[in-house]
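Comments concern the structure below.
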Amino acid sequence: QVQFVESGGGLVQPGGSLTLSCTTAMDIFSLYDMGWYRQAPGKEREVVASITTDGITKYTDVVKGRFTISRDNGKKTVTLSMRNLEPSDTAGYYCNGGPRVIPWPWGQGTQVIVSS
């Protein structure tokens, strides 16, 4: 079974930065688009950033210019670098396949809390 392990979350003040990492043991990681998703309390899970197999990125409007997604196909990792964090960014963050494909089972995620 495909498994994702997210890490790097924590408590940060508004305006601060965090870098999230996702590691997977997928045998064919390099052949899949990947994405970062988040789910805030009481809200639907949403895609915040995605990256194609050849490195093309896309971001939801509210994070564009603040978040950067990247991947390392050799290490089979996906990274989400976040800056100028806002309270509305508070959520559980998860990685998975890109938004245009059926997701694998979700990992535990990593919690990001932006608060003074």
Query - region 1-30 residues that are at positive phi, paired with ones that are of a type in the set (G, A, S) and surrounded by 14 or more Cβ atoms within 10 Å (Cβ to Cβ) (beta carbon under 7 Å, 6 or more apart) - result: G8/S21
Report summary line: Restricting attention to region 23-46, the residues that are in a loop (DSSP other than H, G, I, E, B) and either closer than 11 Å to Y94 by Cα or hydroxyl-bearing (S, T, Y) (or both) number exactly 2
Report task. Could you grab the pairs with beta carbons closer than 7 Å, sequence gap of 6+ or different chains, first residue in region 56-82 and touching a residue at least 60 places away in the same chain (Cβ under 8 Å) and open to solvent by less than 50 Å² (accessible area, probe 1.4 Å), second one part of a loop (DSSP other than H, G, I, E, B) and of a type outside the set (V, I, T)? Result -> M82/S17; M82/R66
Report task. Go through region 1-18 and count every residue that is surrounded by fewer than 17 Cβ atoms within 10 Å (Cβ to Cβ), hydrophobic (A, V, I, L, M, F, W, C) and not in a loop (DSSP other than H, G, I, E, B). Result -> 2
Report summary line: Listed by first then second residue, the pairs whose first member lies in region 90-102 and is without any contact (Cβ under 8 Å) to a residue 60 or more places away in the chain and of a type in the set (D, E, K, R), whose partner is assigned to a loop (DSSP other than H, G, I, E, B) and surrounded by 22 or more Cβ atoms within 10 Å (Cβ to Cβ), with beta carbons under 9 Å and at least 6 positions apart or on separate chains, are none
Query - Hits in region 19-46 (condition: open to solvent by 60 Å² or more (accessible area, probe 1.4 Å) and aromatic (F, W, Y)) - result: Y32
Query raised in the report: Given T110, T53, which one is without any contact (Cβ under 8 Å) to a residue 60 or more places away in the chain and in contact with a Leu (Cβ under 8 Å, 6 or more places away or on another chain)?
Result: T53
**Report entry** Residue, surrounded by the most Cβ atoms within 10 Å (Cβ to Cβ), within region 83-95, restricted to residues that are closer than 21 Å to V5 by Cα and not aliphatic (A, V, I, L, M)
**Finding:** C95
Query - The listed residue being buried (at least 16 other Cβ atoms within 10 Å of the Cβ) and within 19 Å of T57 (Cβ to Cβ), out of G107, G98 - result: G98
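The values are calculated or read from the model by the stated rules, or taken from the named source; none is laboratory data. A quick note: this is a predicted structure, and the numbers were derived from the prediction, not measured. We place every Cβ from the backbone using ideal geometry, glycine too, and count neighbours over all the protein chains shown. Surface accessibility is based on the protein's heavy atoms, side chains included, excluding ligands, DNA and RNA. Shrake-Rupley method; radii C 1.70, N 1.55, O 1.52, S 1.80 Å.
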